[in-house]
Amino acid sequence: MIKFTNYYSKNFVLNWMKIKSQEENLLQEYALRNTNCRKEILSAFLSKGFALTHADIEENIAEAHDRVTVYRTLKTFLDKGLIHKVLDDGGSAKYALCKDSCHFEDHNHEHVHFKCTQCGQTNCIENIEVPKITLPLGYKAVEANLLIQGLCKDCNESNVGLR
Ligand SMILES: [Zn+2]
Ligand SMILES: [Zn+2]
Ligand SMILES: [Zn+2]
């Protein structure tokens, strides 16, 4: 099933004004207790709109929460289907917000991820699925990841402007 969502529109629509109520709605929807740490981490994801590392998250939360609390919150979000892991070549794991249709019984993250070599941002391209690959006999796939590297739309456009 391919859902045509423009991943830029998510960033565009979720401006700061809307984020405050959005975090609370998300926490409620996923039956999560509304803690400051959870709210702040969600708002970091919502305001950034691209995949974040643990360090990025710590940098983007107003209040200082210890590493363990941040780690546990990320684990809860992963288990609940609010965020998913994004394979990245940077050495540290990145996480991205799941699309609306993602819940813990029904996770599908086999979409393409795109890493920009100029700004370093990694984004979900949710409307492009990882193509099915036939493995040699005896192999069993559990999940597939596809990271495409290049220039994101913004960087590509600003480069054109410099010419
Ligand atoms: Zn998910
Ligand atoms: Zn870029
Ligand atoms: Zn993704």
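Quick note: the coordinates plus some simple rules give every number you see, no bench work behind them. Predicted model only: the values in this text are computed from it and were never measured. Here the Cβ is made from the backbone with ideal geometry for all residues, glycine too, and neighbour counts use every protein chain on show.
Other residues within the sphere of radius under 12 Å centred on the Cβ of Ala93, judged by their own Cβ, net out at 0 (K and R +1, D and E -1). Close amide H partners of Tyr95, meaning residues 5 or more places away or on another chain with modelled amide H under 5 Å apart, are Leu52, Thr53, Val86.
Model label points for Asn25 and Asn156, set 7 angstrom from Cα along the Cα-to-Cβ axis, are 3.1 nm apart. Quick one: order Ile83, Ile133, Ile61 by neighbouring beta-carbon count within 10 Å, fewest to most. Ordered from fewest to most neighbouring Cβ atoms within 10 Å, Ile83, Ile133, Ile61 come out as Ile133, Ile61, Ile83.
If I take R0 = 25 Å and measure r between the Cβ atoms of Val142 and His54 in this structure, what FRET efficiency does the formula 1/(1 + (r/R0)^6) give, to the nearest 0.05?
In this case the efficiency is close to 0.60.
Taking a ≥ b ≥ c as the square roots of the Cα gyration tensor eigenvalues, with a/c under 1.5 meaning rounded and otherwise prolate when a/b beats b/c, else oblate, which class fits the stretch 7-162? Oblate, since a/c reaches 1.5 and b/c is not below a/b.
Between Glu110 and Asp89, the modelled label-to-label distance comes to 2.4 nm, taking each label 7 Å out from Cα in the direction of the beta carbon. For Asp66, the shell of other residues with beta-carbons less than 14 Å away shows a net charge of -1, using +1 for Lys and Arg and -1 for Asp and Glu. If one computes the Cα centroid of the stretch 121-139 and of the stretch 19-39, what distance in Å separates the two points? What the calculation gives is 31 Å, centre to centre.
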